[in-house]
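Colleague: Dropping the structure in here first, questions after.
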């Protein structure tokens, strides 16, 4: 069973203002991680893997592996010189380089003369119950695909395993198929995250009926905020995949488009789940508020019954607390119509019995009306 999320927190990277900069300016955000480079060169018979921290590891392997498809992974964007060298050697438009380092792009697909560029949102669930929102940028050329990510985290272990063992057509599908595999992995991560959210919402629903408290409303609102984040990632992702299906670029072949249609269907499923979970979070808040309101109504009902019982008793006690006397204590003159009961033998006992009788009669009346049955 997927681990349940107790509380969702959204983390996103902050970037310095770039207001007024020249288009195509490559400005590395503060705090960006130094890049780690991995390169996988593969064909139907072999896979060669290399690692490094500068572009020489890429150039050396490209010279040696001339009949391979190359996947270059760059983890971390904290080296402006590396980004510009890749742009220069691969003949990449500087506007694309700007989009790579300005990691607040919405998912999109762009076509250029000899390559295509696409971005996705990588939503990563951390152990401290936080969703981290990062950008994945991918450049696809004839036999080269370059992926850029902000962190050193491993997001595509399954894709690497498929390349190493030669599972499926990943070694023969070219750079376009590998781009599809990365996009499909991003969408699969959405499903994994939504499974955790679904388990958390099940827990919230159980708690709201068993022991409602204020934390339920706060957690439901936080989950709804996370669903809005997911929605902002999934809707443009759907549009991006649709653009990839409709493109005339030779890098996205008709065979790859068949797989992209499957990814498009998965994206639609993600969007449907997001909308459903948004409605569930809203309904949980509504149920919580209704239960609290009903509980308050029950409390007010109990207090009303208690008040109704004591009102006539308080009335009697108030009358006999007015300190009127039958006889003037100074002149000993008898004053007519002036509370003779004050000096009646056993008057206190009789008054208490009358008050008790009134309370019992009221209790029986309320009970027959069914007021206590609905408490």
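The values are calculated or read from the model by the stated rules, or taken from the named source; none is laboratory data. Predicted, not measured: the structure shown is a model, and the values here were computed from it. When we count neighbours, we look across all protein chains shown, and the Cβ atoms used for this are built from the backbone with ideal geometry, even at glycine.
Colleague: Among the numbered criteria (1) out of contact with any strand residue (DSSP E or B) (no Cβ under 7 Å at 6 or more places or on another chain); (2) in contact (Cβ under 8 Å) with a residue 40 or more places away in the chain, which single criterion is violated by residue 147?
Modeller: Going through (1) out of contact with any strand residue (DSSP E or B) (no Cβ under 7 Å at 6 or more places or on another chain); (2) in contact (Cβ under 8 Å) with a residue 40 or more places away in the chain one by one, residue 147 breaks only (1).
Colleague: What is the number of the single condition among (1) over 30 Å from residue 197 (Cβ atoms); (2) loosely packed, with under 13 Cβ neighbours inside 10 Å that residue 320 does not meet?
Modeller: The single condition residue 320 does not satisfy is (2).
Colleague: Output the residue which, of all residues in the range 210-228 that are out of contact with any helix residue (DSSP H, G or I) (no Cβ under 8 Å at 6 or more places or on another chain) and outside any loop (DSSP other than H, G, I, E, B), is surrounded by the most Cβ atoms within 10 Å (Cβ to Cβ).
Modeller: Filtering the range 210-228 for residues that are out of contact with any helix residue (DSSP H, G or I) (no Cβ under 8 Å at 6 or more places or on another chain) and outside any loop (DSSP other than H, G, I, E, B), the one surrounded by the most Cβ atoms within 10 Å (Cβ to Cβ) comes out as 222.
Colleague: Next question, about the same structure. Could you go through the range 155-170 and let me know if any residue there is in the same structural domain as residue 269 (by TED's automatic domain parsing), surrounded by fewer than 21 Cβ atoms within 10 Å (Cβ to Cβ), within 24 Å of the chain's Cα centre (by Cα) and not in a loop (DSSP other than H, G, I, E, B).
Modeller: no
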